[in-house]
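Worksheet: one structure, shown below.
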Amino acid sequence: MVQRDTVSLTDQQRLVRDSIREICADFDADYWREHDKSETYPHEFADSLAEAGWFGALIPEEYGGAGMTTEEVVVMMEEIAANGGGFSAAQAIHGAIYNSVPLVNYGSEEMKEELLPRVAEGESSIQAFGLTEPNAGSDSTSIETFAERDGDDYVISGQKIWISRVDVSDYIVLMTRTTPKSEVEKPTRGMTMFLVDLEDAYEQDALEIKQIDKTASNFVHSFELFFEELRVPADNVVGEVGEGFYQMLDGLNEERLVIAAECVGLGEAALEAGASYAAEREVFGQRIGSHQAIQHPLAEAYARVHAAKGLVYNAASEVGSADRTAVGARANMAKFLAADAAFDAADAAVQAHGGFGVAREYDVERFFREARLTRLVPITQQLVLNFLAENQLDLPRSY
């Protein structure tokens, strides 16, 4: 087995690692392969985590959660990806962990007392976060979905795209504009966050969803959403009206570190598959793993994956104490390096498999598709470089 335990862990992190490995052991390669092929959500896996309380990992103990931090969640998500599920397995439950954070930080006490214990117990889920729109991808301030106050309600109309897990969620955290971009002093003002009960939206006949046909992360479905005069109680505003953009940014660094950990786990899964095959496959009377042409790409990818892992874990350990700007830089660097390392690892694993690299039964083709996706989401590699150039190298803004 490829060596994965290359960073020092706290006692709490080791407990998380061992607990997640135990759960993941019940879901073998055939399970993930079949769900990818049939494009069906892994309900059994998600239910196992929910029933064990993992959806409440970041929910404070006073609301029934585990009260963990990013330092523990990076371990959780890396392990899920590394144990054969890949990036998609981690993404299947990523929202269930992180979409409760805005409520923890900004929700009313009534909202928190009502919903967070149910999320922590696995009875309700907030799997979806609605931000991206057809004309507002990376430029989040250009969203046009609008919420207008009408008495005790807001009426919401607009369109979202690339919104994942809507089909397996009870609620969506929805980003809207409550003041048009043209009427605010700064484009980051005038955005408001809402908690939307999806069942209520369907009952109002105010929400239509359309699944997007895609080639990667097949068992985590993504959708286009159409809202038409959806009435949401004013009490469902999360935080302050007009301050939603800043609320969204709070916790973004931590979440980006977790996504970097998911990339690391994907890279580890790919390396294990590639090395295992190379150690066994014989051609012309020799195991192909004895040839440097096979060894070197895998070994180089291993070095890159674990260099990224070291940065992820180091940054996660400093989230609570380091300057936010410094953490932001490390989170972005970690995501950039981990996504590229995962891609290199998956590419090397496919190449080591030769023709079988594109056969579903060997899994590496799925890892390769997922690794390509990590260089696009949740932020492109180019935008990370823009951030680093501007904020760390003090270069002029390029966009």
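The values are calculated or read from the model by the stated rules, or taken from the named source; none is laboratory data. Source: prediction; values computed, not measured. Cβ sites come from the backbone with ideal geometry, for glycine too, and all protein chains shown count toward neighbours.
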Task: Search result, residues across the stretch 239-257 that are buried (at least 24 other Cβ atoms within 10 Å of the Cβ) and either aliphatic (A, V, I, L, M) or touching a His at 6+ places or on another chain (Cβ under 6 Å) (or both) - done: LEU257
Task: Cross-chain or 6+ apart pairs with Cβ under 8 Å, the stretch 379-396 first and assigned to a helix (DSSP H, G or I), then among the β-branched types (Val, Ile, Thr) - done: ASN391/THR325
TODO: Kindly state which helices (runs of 4 or more DSSP H) lie completely within the stretch 80-130 and contain at least 3 residues that are at pLDDT 95 or above and crowded, with 24+ Cβ neighbours inside 10 Å.
DONE: 86-98
Open item on the list: So for the stretch 209-224 (the condition being on the phi > 0 side of the Ramachandran plot and either part of a strand (DSSP E or B) or of a type in the set (A, V, I, L, M) (or both)), does at least one residue qualify?
Closed with: no
- [ ] Could you please tell me which pairs satisfy a Cβ distance under 9 Å, a separation of 6+ or placement on different chains, a first residue in the stretch 139-153 that is closer than 12 Å to THR176 by Cβ, and a second residue that is surrounded by fewer than 12 Cβ atoms within 10 Å (Cβ to Cβ) and modelled with pLDDT under 95?
- [x] ILE143/ASN135; GLU144/ASN135
Open item on the list: Looking for something in a loop (DSSP other than H, G, I, E, B), under 24 Å from the mean Cα position of the chain (by Cα) and buried (at least 16 other Cβ atoms within 10 Å of the Cβ) - is there at least one such residue anywhere in the stretch 157-167?
Closed with: yes
- [ ] Could you check how many residues of the stretch 20-37 are surrounded by fewer than 16 Cβ atoms within 10 Å (Cβ to Cβ) and free of Cβ contacts under 8 Å to residues at least 60 places away in the same chain?
- [x] 6
Task: Residue list for the stretch 39-79, filter: without any contact (Cβ under 8 Å) to a residue 12 or more places away in the chain and at negative phi - done: GLU61, GLU62
- [ ] With respect to GLU262, determine if the residue is in the same structural domain as PRO187 (by TED's automatic domain parsing), under 23 Å from the mean Cα position of the chain (by Cα) and not aliphatic (A, V, I, L, M).
- [x] no
Task: Residue among GLU148, GLU199, GLU208, GLU133 that is within 30 Å of TYR31 (Cβ to Cβ), among the charged types (D, E, K, R) and outside the structural domain of ALA66 (by TED's automatic domain parsing) - done: GLU199
TODO: Would you check if there is a residue in the stretch 200-211 being closer than 17 Å to ALA349 by Cβ and in contact with a Lys or Arg (Cβ under 9 Å, 6 or more places away or on another chain)?
DONE: no
